[in-house]
Amino acid sequence: MPSYQAPRGMNDTLPEDAALWRHIRDTAERVARLFDYRQITTPIVEDAGVFLRTVGDESDIVQKEMYVFEDRGGDRLALRPEGTAAVCRAYIEHGMGSWPQPVRLFYFGPFFRYDRPQAGRYRQLWQFGAESIGSESPAADAELIELQHTLYQELGLHDVVLRVNSIGNLESRGRYIDALREYFRPLVPGLSRDSQRRFETNLLRVLDSKEEQDRAAVEGAPSILDFLDDEDAAHFESVKSALDAVGIAYEVDPYIVRGLDYYSRTVWEFEPPEARGQSTIGAGGRYDGLIELLGGQPTPGVGFATGIERIALNLKTRGIEPPEPEVIDVVTVPLGEAGAAACLRVARDLRAAGLTVRAGTPGRSMKAALRAADASGAAYAVIIGDREAADGVATLKPLRGDAEQRTVAVTEVAEAIRA
RNA sequence: GUGGGUGUGGCCUAGCGGUUAGGGCGUCAGGUUGUGGCCCUGAAGAUCGGGGGUUCGAAUCCCCUCACCCACCCCA
């Protein structure tokens, strides 16, 4: 019988990565609080309609990446592929429209996409996201971008590049796509094979082509920014001004196209420099029509999501370590029966004093026990054999530096370590 | 979903038709009487991802399958 493996595209996060993950999560939550965003936790499963209605029938997420199943009661449920639609569902369900607007929310949790796995792309992925719902103001867009930017700065990802764009509203986007099609149509024979296919299946993706032979055609293509109406253009200008005001560097990239249908106006993404492949570390945008699609009152919103695995990957490649790695203060070395009992009592007292204590395994030789204690990285070994136990003392042995070991009363080990 | 690459004890890896499948790291034990880090010795641990086939003989060749990686697609 073959032994079990984790499901494809899903990973165990091992203890060695726990501190890094905790650091990312703590930083994200702390930064979110600095902007007065409050946490919302929604179920991992939603009615499939929440995503089917909002993400876009044409999108890959709906077409082929969603885990959908029927429960025993016959309801069609989906493992959530993204956070925004679920948060909006909660906004409507809990009447947040009558809260002070905008409602600022953040979340942290697992999401699921039935993709073909690749480095940085998983079937279960963790995201941190923030949403500001109820404000049409460009100030909200800029606030989210600033929040996200602050997060990366706090984590030490100083070199990530911010690219922003405006994709206007549905009508102007439609006009743009028509114009783009007309522009490329005569050029199709000269395009790469991939781009010829994209011309038919996903026109906007032609703009993303990395093929050298497409470059001239792509560079001459019309820009969506020239198709924005006055209001959308003014909105985008205000977002950029706000970013300028707080000194956040960005690059306007008219070729950014967010994957989800519900986006309008501002869209953005953060990427490591020189990155290829599954490299986008986090992305966001405005989704003014989304709440209405879910049956709520017309309500504007804007938000972003960032991938925890991709952040972790980038921190690792830059050699950034969590500030507080897991440390052991003390390892006990119990020798003999009386020593073992005394060790248990001392360990309990040390833990009560807030020290991390690894209980040494009784029955090992002292040499073996001390080898293990040393390898653990602990600062001290507390040795209690029957000899010490009889006298009510412990041998406190510093494992780092060159201080001498000393004998202290079992009741005073914590004080001795603190001193 | 499409195309390509990889897969040897927990980790890294040698071997690429006939080896008791070798090494390093790690783990455990020991180097005399209760004291670690270096060093030394020993042990456990691999049906060579899984299944099938070719062959007198396969980790080594072929097929299928699974997983990971890369590109596409798409995206966090």
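The values are calculated or read from the model by the stated rules, or taken from the named source; none is laboratory data. Predicted model only: the values in this text are computed from it and were never measured. Here Cβ is always computed from backbone atoms with ideal geometry, including for glycine, and neighbour counts include all displayed protein chains. Accessible surface areas use protein heavy atoms only, side chains included; no ligands, DNA or RNA. Shrake-Rupley method; radii C 1.70, N 1.55, O 1.52, S 1.80 Å.
Things to note:
- In degrees, nearest ten, helix A:84-93 long axis to first principal axis of chain A (Cα): 90 degrees
- Per atom type, chain A shows carbon and sulfur on 48% of its accessible surface, probed at 1.4 Å.
- Angle between chain A longest axis and helix A:170-184 axis [Cα atoms, degrees, rounded to 10]: 70 degrees
- When the residues A:LYS316, A:LYS397, A:LYS367, A:LYS240 are ordered by accessible surface, computed with a 1.4 Å probe over the protein chains alone, the sequence from largest down reads A:LYS367, A:LYS316, A:LYS397, A:LYS240.
- Summary: within chain A, the longest segment free of GluC sites (Glu not before Pro) located in DSSP loops with at most 15 other C-beta atoms within 10 Å is A:59-210.
- When nucleic acids and ligands are ignored and a 1.4 Å probe is applied, A:ASP178 ends up with an accessible area of around 90 Å².
- Cα gyration tensor shape of segment A:291-387, rounded if a/c is under 1.5, else prolate or oblate by comparing a/b with b/c: prolate
- Segment A:61-144 shape via C-alpha gyration tensor axes, a/c threshold 1.5: oblate
- Along segment A:394-408 the Karplus relation, 6.51 cos²θ - 1.76 cosθ + 1.60 evaluated at θ = phi - 60°, assigns HN-Hα couplings of 9, 8, 9, 10, x, 9, 10, x, 10, 5, 7, 6, 9, 9, 9 Hz to successive residues, with x for each Gly and Pro.
- 0 to 90° range, to nearest 10: angle between helix A:15-34 axis and chain A longest Cα axis: 60 degrees
- The candidates A:ASP230, A:ASP26, arranged from most to least accessible area with a 1.4 Å probe in the full protein assembly, appear as A:ASP230, A:ASP26.
- Our analysis of segment A:330-418 gives Rg over Rh at 0.91, with the two radii drawn from alpha carbon positions and Rh computed by the Kirkwood formula.
- Rel. contact order, % - alpha carbon contacts under 8 angstrom, at least six apart, segment A:330-418: 33 percent
- Nearest-20 debye value, segment A:141-188 charge dipole, Cβ charges on Lys, Arg, Asp, Glu: 420 debye
- Calculated FRET efficiency, A:PHE35 to A:SER241, Cβ-Cβ distance, R0 = 25 Å: about 0.85 to the nearest 0.05.
- A straight line joining the Cα centroids of segment A:339-392 and segment A:99-138 runs 46 Å.
- Normalised per residue, the accessible area of segment A:330-418 is 55 Å², obtained with a 1.4 Å probe and no contribution from ligands, DNA or RNA.
- A:ASP402-A:ARG348 pseudo-label distance in nm [points 7 Å out on the Cα-to-Cβ vector]: 4.0 nm
- Gain on full stretching of the segment that runs from A:ALA368 to A:ARG121 - 0.36 nm per residue minus C-alpha separation: 84.6 nm
- Across the options A:ALA359, A:ILE308, A:VAL68, the greatest Cα extent toward the positive end of the charge dipole of chain A (unit charges at beta carbon of Lys, Arg, Asp, Glu) belongs to A:ALA359.
- Simple Cβ-charge dipole of segment A:330-418, Lys/Arg +1 and Asp/Glu -1, about Cα centre, in debye nearest 20: 320 debye
- Take the Cα of A:THR201, step 7 Å toward its Cβ, do the same at A:ILE320, and the gap between the two points is 3.5 nm.
- Using distinct alpha-carbon pairs, which all enter the 1/r mean, Kirkwood radius of segment A:243-332 in Å: 16.4 Å
- Dipole of segment A:330-418 [Lys/Arg +1, Asp/Glu -1 at C-beta], most positive-end residue of A:ALA372, A:ALA347, A:VAL333: A:ALA372
- Other residues lying with their Cβ under 12 Å from the Cβ of A:GLU136 contribute a combined charge of -2, Lys and Arg counting +1, Asp and Glu -1.
- Between A:ASP229 and A:ASP71, the contour length at 0.36 nm per residue exceeds the Cα-Cα span by 52.3 nm.
- For A:GLY301, the residues whose amide H sits under 5 Å from its own are A:GLY134, A:TYR287, A:ASP288, ignoring neighbours fewer than 5 places away on the same chain, with H placed 1.01 Å from N.
- Farthest toward the positive end of the dipole of chain A, out of A:TRP99, A:LEU157, A:SER241, is the Cα of A:LEU157, where the dipole comes from beta carbon charges about the Cα centre.
- Net charge, A:GLU154 excluded, C-beta distance under 15 Å - Lys, Arg +1, Asp, Glu -1: -1
- Relative contact order, percent, chain A [alpha-carbon distance under 8 Å, six or more residues apart]: 15 percent
- Calculated log₁₀ intensity ratio I(q)/I(0) where the Debye formula runs over C-alpha points of segment A:117-161, q = 0.28, 0.32 Å⁻¹: -0.99, -1.07
- Charged neighbours of A:GLN5, selected by a Cβ distance under 15 Å, balance to +1 (K, R count +1; D, E count -1).
- Only Lys, Arg (+1) and Asp, Glu (-1) charged, at Cβ; chain A dipole about Cα centre in debye: 1560 debye
- Translational diffusion of chain A was estimated from the Stokes-Einstein equation, with Rh taken as the Kirkwood radius over Cα pairs; at 4 °C and 1.567 mPa s the coefficient is 52 µm²/s.
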